[in-house]
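The values are calculated or read from the model by the stated rules, or taken from the named source; none is laboratory data. Because the structure is predicted, anything quoted here is derived from the model rather than measured. With ideal geometry, Cβ positions are generated from the backbone for all residues, glycine too; neighbour counts draw on all protein chains shown. Note: areas computed on protein heavy atoms with side chains; ligands, DNA, RNA excluded. Shrake-Rupley method; radii C 1.70, N 1.55, O 1.52, S 1.80 Å.
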Amino acid sequence: MIPPEMAITLALGLPILGALLIAMSRGVPNLRETFTLLTAVATFGFVASLYPAVINGAQPTLDLWQVLPGVKLSFRVEPLGMVYALVATLLWIPNSLYSIGYMRGNNEKHQTRFYVCFPLAIASAVGIAFAENLFTMFVFYETLTLSTFPLVTHKGNTDAVKSGRIYLGILLTTSVCFQLLALLWIVALQHTGGVSGLDFASGGIFREGLAAGAVTPAVFGLLFFLYIYGIGKAALMPVHRWLPAAMVAPTPVSAFLHAVAVVKAGVFCVIKVTVYVFGVETLREYGQGGWLLYAAGATILIASLIAMFQDNLKKRLAYSTISQLSYVVLGVALLTPISIMAATFHIVAHAFGKITLFFAAGSIYTAAHKTQISQLDGIGRRMPWTMGAFTIGTLSMIGVPPVVGFVSKWFLINGVIESGSLPGGHFDEVFALVVILFSTLLNAGYFLPIVYRAFFRTLSDEDLKHPHGEAPWAIVTALTFTATLTLFFFFWNQPAATLAELVRRAVG
Amino acid sequence: MIPDQLQHQIPALIVLTPLVLGLITALIGRRGLGWWIAMLASLLVFAGSIQLLIDVMHSGTYTVSYLMGNWPVPYGIEYRIDPLNGGVLCTVALISAAVTLFARRSVASEVSRDRLHFFYAVWLFCQTGLLGITITGDAFNLYVLLEISSLATYTLVAMGKGRDRRALTAAINYLVLGTIGASFILLGIGFLYMVTGTLNMMDMAERLDAIYITWGTAEPQYQKTVLTGFAFLFVGVSLKLALFPLHTWLPNAYTYAPAAVSALLAATATKVGAYISIRFIYTIVGTDAAFRGAIPTHVFIMVSAGMAILLGSYLAIKQDNVKKILAYSSIAQIGYIALGFALDNKNGLTAAVIHIFNHALTKGGMFMALGVVAYRLGNTRLQDLRGLGRKLPVSMGAFTAGGLGLIGVPLTAGFVSKWYLVTGAIEAGRYEMAAIVLVGSLLAVVYVWRVVETIYFGKRDEGAPNVQEAPITMLVPMLLLIGASIYFGVDANTTSWIAEAAAETLLGVQP
Amino acid sequence: MLDFLHDHYNYWVTIIIMMIGFYAVVAKSNLVKKAIGLGIFQTGIFLFYISIGKVDGGTAPVKVMGEQTDVVYSNPLPHALILTAIVVSVSTLAVALAIIVNIREKFGSIDEHDLNHLEAEQE
C-alpha cells in the first residue's frame, strides 16, 4: 500500500509532471499520447488508492506549506472530495483516449498545448477536491479557470477569442467579486471570533460565532449568497452564460468541462461550502438560504425550456447541463442529509451520462461533420455504437431505470419528502416536487426526439451521397466505455453510494 | 564576512556609494565604463541594504540608527531604519540592480554613445536620491534628496528624446509639476519646523505629540500652523506619489522615457513617494491628527484612491500604446497602496507596505518585457504586438505572468497584497472600498487580457520584420523580477513578516 | 484687522510672491516664462524660511563675548537650510532650460499651444 500522504502528493504532482513530459515530447505524437494515457491511468490509481482508507473513516491529510501567516495550502481527503476526485480522474482516462481520436481525426493544430493543459486542469480539480480550507479551494478554483482557458480558445479564431472572453469574464468576475470577497470577509471575521477558522469543518465554521453574536445572521446569509454566486462554475442562472459560450471549444474539451472537471468543480464546491462552511443545520436554524431552492428550481426549468429550442446538438447538451447541475444545487438547497446525499450521487450520475452524450456528439462531428440536430435523420443506422451510447446517455439524463440517473433522482425525491416533514417545509416540498416532475417531462421532450430521428427516420437524399461509417476506434472505445459505466452503475454503485452515505452522516 | 567597522557604516555607504561613483562616471568620460560602474554601485548597494534589513529585523527594537559624523540627535542628521524603510530600501536597491543589468543593451539602443556616461551618472544620482529619501531620518535632508532624485528623473525621462521627441515635453511637464510638489513639501517642512524647532523626524514627532496633548481646551487639537504644514506636505507628496487627481504627469513620462528608465521609475519613484506619505502621516503627524482631527485626510485619500483604481484602470483599457496601458495601471496600483495606508489598521497598512514591494517587482518586470519589445520593434503600439507570443516566447510569457500578478490571481504577489487590502477594508468597515478593489481587479483583467489576446491570438502582418528573443542580459533581470513576483505569491512569509512588523511599528504596537 | 495684517505681514509677502510665480506657471504658455515663474514661486518660500528665523529682540547669531549671558540670538538654521534650497532651485532652472533648448531643437517652438498641436499630429 502507498502511504496516503504520498498518494495525495502524487495525485496532485503526477499530472503536473505529466504536463512537463508531454511538453518535452512535442514532435513525437505517439510518445506524447502515451504520456497522456499513462498519466491519466496512474493519477486515477493514486486517487483510488485512498478510497479504502476513506471508507474506513480515515481522513488522510497533507500540508504543503504556509503561504501567508495562518494561511496554508493543505489537503484533507474526506468522502465528498473523494467522490469528485474519483469521478474526475476516472473519466479523464476515456476523455484522454477520446481526445486522441478526435484531435487526430480532425487534424487539429497546436495539439501539444492542448495535451499540456489537460493534466494541469486535472491537477487543479484534484486540488479543489482535496482542499482542506477555503483558501486552498479558491486557489485551485482559479487555476482550473486559467488552465482551461487555452482549451476553450483552442481554435484561436474570432469566435473562440470572443467566447474565451465570456468564459474568463464570467468565471473571474464571479469568483473575484463574490467568492474572494466572501473569503476575505471570513478571514476578517476570524479575527473577531465570528468564525472558527478557514478549515472545512463538519457542521460548519459559523456555529459558535452565531451563537455568541460575533456575526449576525444577516451577514451569515449574505456570505452564503456571495459564495453560491461566487462559484460561477455551478452555472446557476444568471451566471450560466459561460457554459454555452464555451461550446466553441473542441468536443473533448466540452466533455471535460461538462462531465469531468469544471462544472463538477462548481457543484462540488457548492456542496462543500454548504456542508462544511455554512453548515446545513446552521442554515436551517437561522433560516438562511431558503431562496436557493427557488433559484435552482427556476434554473432547472428555464434551462430545460431553452434546451428544447436549440438545434445545435452541443448547445442543447449545454443547456441540459445547466439544468442538471441545478438538480445538485436543488439537493443542497433542500438542506436535509438525504438530499445532500442525492446531490453527491448526482455528481457521479450526471458525469457518466453527460460525458457519453458529448462523446457521441463529437463522434458524429468527426465521422459525419454534422452539428445540427435536424441533420441527424437516420444516422443511427450508420453509427449504431455512437447512437446506442447516446440513447443510454439520454435515458440517464431523464432518469429512467435501469440507468444510473434514476438512482440520484430517487434519492432526491426522498430528500424532498424528508424536507417536507420539517417545519415550514411544506411549500418547499411541493415546489421541489413540481420542478422535478416537470423537468423530467422536459428532459424527455428535448432528448427523445433526437433518438427518434436517429433510429426511426430515413437518411435524406443528400446524406446518401456522402457515405460514412463509425468514428475512429479511439472515440468508439471511449464512448462505449462510458455508456457501459452509465448502465453498470445502476446495478453496482457501491463506491459512490458508500461515499455518499458517509457524506450524509457528516451532515446529520 | 563584512568587518564590523564597515558594517556600522552601511547606512551612510548606501547613499554615498552611488553618489561618489556617479560623479566618477561623469568625470571619467566616454570609455564605455559607465555601465560597469553603475552595475558595481547597484550591487554594492543591494548587498548593503539586505544586510541592513537583516540587522533591523534582528534588532530587538526593530530600529537601526546611524548618526552622520557622530553628531548627536537632534543636532546632526540621523539615518534611522525601521522595517518600513528597510523594506522600501531593499525594494529600491533590488529593482535598481536588476534594471541596471537590463539597461546595458536597452539604453545603448536608445541613447547616443557619446552621452552614455552622463546617462549612467544621472542614473546613479537618481538612485542616490531615492535611497537617501528612504533611509534618512531628517526632514530637510529628505527634501534635498527628493530634489536630487527628481532632477535626475527629469533628465532621464528627457533622454528618451532619441526615440520619441515627446519625451521632452513629458519631462518638462513632470519638471513643472514635480517642482511645485517639492516646493510644497519644503513649505510644509518649514511650518513644522516653525512649531517644533527641530528637523529630526523622531524628535519632531515627540514635540508635536506634546503640543497635541496640551493645546486647546475641549478636544485636543493642533494649532493651525501644524495643520497648514501638514496640508502642504500632503499635497506635495501626493503629487510625487501621482495620487489621483495629481497623476497627470505620470502617463507621458512613463511612456516616452527610455525603457530602462520606465522600469526604474514605475518600480521605485512612486513607491518612495508612498513611503514619504506613510512616514509623515504615521510617524510624524500621527493618525490622531491626520485622520481623526480637523481634517479627515483618510477620507480624501480613500476617495482619491477609489477614483484612481477605477479611472486609472478604465483609462488603461482605452490606451493603444502598451507602455501607456501600464502607466495608467500604475496609477490604479498606487490607488491600492494609498487605500492601504488610509484604512488605518494593521492589515491595511501591511497591504500598503507589501504592495510597494510586490507591485515594484511585477511592474518592473513588465516594463522590462516591453523594453524587449521596444528593443526589437522600436515601439510598443498594441497593434505591433500582434502575434508576438510565438516570436518572443520568453518575454511575452513574462509579460503575461506579470499581468496575472496585476490582476491578483492566486499564487502571485499581487494576490497577497489584495488579500491584506480587502481584509483590512472589511475590518475597517469600508465595504465599498473592498468592492472597489475587487472591481479594480476585474478592470485589470480587461486591460491585461486585451494585450494578452493581441500577443497570442493576433496575426502578424505580412512582411512584418522577423524578430528574435532579446539578448540574455535583458532576459535574466526580467525573469528575475517576474520570478520573484511569483515566488513571493507562493511563499509570502518573509514579505508579510517584514510588512507586518512595519505596520506594527507604525501603529505603535510593541513587537 | 489691521493688526492681523501687520502681525503676519511676512506671510502675506510670501503668499503674494508665491502666487505671482504660480500664476506665471499656470497662465503663460511660453515654457521659459513658466520656468521663471517656478523660480519666483520658490523664491517666495525662501523668504518665508528666512523670515521665520527671526526671533523677537534677537541679534545676529554671532557669539557675544564677555559677561552677558542673556543675549537672544536669531535662529541661523533656516538661513543655512535655504542656501541649500537656493542651490536646488538654480539646478532646477538649469535642467528646465536645458530641456527647453532641446524642445526648441526638436519641435521648433517653445510655446505650449504649438507643442500640443504638434503632439496631437504625431498621434
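Couple of notes before you dig in:
- Qualifying position, being at pLDDT 90 or above and buried (at least 19 other Cβ atoms within 10 Å of the Cβ), among B:I95, B:I10, B:I50: B:I95
- For the range A:190-208, filtering for residues that are over 24 Å from A:R504 (Cα atoms) and surrounded by fewer than 23 Cβ atoms within 10 Å (Cβ to Cβ) leaves 4.
- The range C:104-117, residues that are within 15 Å of B:K161 (Cα to Cα) and within 10 Å of chain B (Cβ to nearest Cβ): C:R104, C:E105, C:K106, C:F107, C:L115
- Residue tally, condition outside any loop (DSSP other than H, G, I, E, B) and touching a Pro at 6+ places or on another chain (Cβ under 7 Å), over the range A:45-81: 3
Per-residue answers, yes or no, for (1) within 20 Å of the chain's Cα centre (by Cα); (2) more than 17 Å from B:N252 (Cβ to Cβ):
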| residue | (1), (2) |
| --- | --- |
| C:I82 | yes, yes |
| C:L93 | yes, yes |
| C:G108 | no, yes |
| C:E119 | no, no |
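- Matching residues, the range B:441-450, being open to solvent by less than 10 Å² (accessible area, probe 1.4 Å) and either facing chain A (nearest Cβ under 8 Å) or of a type in the set (S, T, N, Q) (or both): B:S441
- Pair list, Cβ under 6 Å, 6 or more apart: the range B:458-469 residue in contact (Cβ under 8 Å) with a residue 24 or more places away in the chain, other residue in a loop (DSSP other than H, G, I, E, B): B:G458/B:R386; B:G458/B:G387; B:K459/B:G387; B:R460/B:R386; B:R460/B:G387; B:E469/B:L392
- Filtering B:A158, B:A171, B:A152 for residues that are open to solvent by less than 30 Å² (accessible area, probe 1.4 Å), more than 7 Å from chain C (Cβ to nearest Cβ) and either part of a helix (DSSP H, G or I) or on the phi > 0 side of the Ramachandran plot (or both) leaves a single hit, B:A152.
- Helices (runs of 4 or more DSSP H) (entirely within the range A:243-362) containing at least 1 residues that are open to solvent by 10 Å² or more (accessible area, probe 1.4 Å): A:280-285, A:291-308, A:313-333
- Residue within the range A:381-390 that is within 22 Å of the chain's Cα centre (by Cα) and under 18 Å from A:H350 (Cα atoms) present: yes
- Evaluation of B:S183 against the conditions (1) more than 23 Å from C:G39 (Cα to Cα); (2) among the polar types (S, T, N, Q); (3) within 10 Å of another protein chain (Cβ to nearest Cβ) shows that the sole unmet condition is (1).
- Evaluation of B:W71 against (1) within 23 Å of the chain's Cα centre (by Cα); (2) of a type outside the set (S, T, N, Q); (3) within 19 Å of B:L145 (Cβ to Cβ) (one fails), failing number: (1)
- In the range A:113-145, the residues that are more than 10 Å from chain B (Cβ to nearest Cβ), open to solvent by less than 10 Å² (accessible area, probe 1.4 Å) and aliphatic (A, V, I, L, M): A:A121, A:I122, A:A123, A:A125, A:V126, A:I128, A:A129, A:A131, A:L134, A:M137, A:L144
- Answer from B:D114, B:D164 - the residue that is outside any helix (DSSP H, G or I) and open to solvent by 10 Å² or more (accessible area, probe 1.4 Å): B:D164
- When the residues of the range C:85-100 are filtered to those that are open to solvent by less than 20 Å² (accessible area, probe 1.4 Å) and within 16 Å of C:L47 (Cβ to Cβ), the one that is farthest from the other protein chains (Cβ to nearest Cβ) is C:S89.
- For B:A401, the test of being surrounded by fewer than 24 Cβ atoms within 10 Å (Cβ to Cβ), over 24 Å from the mean Cα position of the chain (by Cα) and either within 14 Å of chain A (Cβ to nearest Cβ) or at pLDDT 90 or above (or both) is failed.
- Count of the range B:481-511 residues which are more than 11 Å from every other protein chain (Cβ to nearest Cβ) and either within 30 Å of B:G286 (Cβ to Cβ) or not polar (S, T, N, Q) (or both): 18
- The set of residues from the range A:42-71 being surrounded by 14 or more Cβ atoms within 10 Å (Cβ to Cβ) and more than 30 Å from A:R505 (Cα to Cα) comprises A:A42, A:Q66, A:V67, A:L68.
- Among the conditions (1) at pLDDT below 90; (2) of a type in the set (A, V, I, L, M, F, W, C); (3) in a helix (DSSP H, G or I), the only one that A:I170 does not satisfy is (1).
- Just one of the numbered conditions (1) modelled with pLDDT under 90; (2) within 14 Å of chain B (Cβ to nearest Cβ); (3) open to solvent by less than 20 Å² (accessible area, probe 1.4 Å) is not true of A:I186: (1).
- Tabulated pairs, the range B:306-335, first of a type outside the set (F, W, Y) and surrounded by fewer than 20 Cβ atoms within 10 Å (Cβ to Cβ), second modelled with pLDDT under 95 and not in a helix (DSSP H, G or I), C-beta under 9 angstrom, 6+ apart or interchain: B:M307/B:F244; B:M307/B:P245; B:L311/B:F244; B:L311/B:P245; B:D320/B:R381; B:N321/B:N379; B:N321/B:T380; B:N321/B:R381
- Check on C:A24, surrounded by 19 or more Cβ atoms within 10 Å (Cβ to Cβ) and more than 10 Å from chain B (Cβ to nearest Cβ): yes
- Qualifying positions in the range B:451-480 - open to solvent by 40 Å² or more (accessible area, probe 1.4 Å), more than 10 Å from chain A (Cβ to nearest Cβ) and not acidic (D, E): B:R460, B:G463, B:P465, B:N466, B:Q468, B:I472, B:T473, B:V476, B:L479, B:L480
- Under the condition of being in contact (Cβ under 8 Å) with a residue 24 or more places away in the chain, more than 8 Å from chain B (Cβ to nearest Cβ), surrounded by fewer than 19 Cβ atoms within 10 Å (Cβ to Cβ) and out of contact with any Pro (no Cβ under 9 Å at 6 or more places or on another chain), the residues counted in the range A:146-159 number 1.
- Pair list, Cβ < 6 Å and 6+ apart or interchain, from the range B:88-116 residues that are over 18 Å from B:G22 (Cα atoms) to residues that are not in a helix (DSSP H, G or I): B:R105/B:P471; B:E110/B:R163; B:E110/B:P258
- The residues of the range A:486-508 that are farther than 24 Å from A:K272 by Cβ and part of a helix (DSSP H, G or I), listed by number, are A:T486, A:L487, A:F488, A:F490, A:F491.
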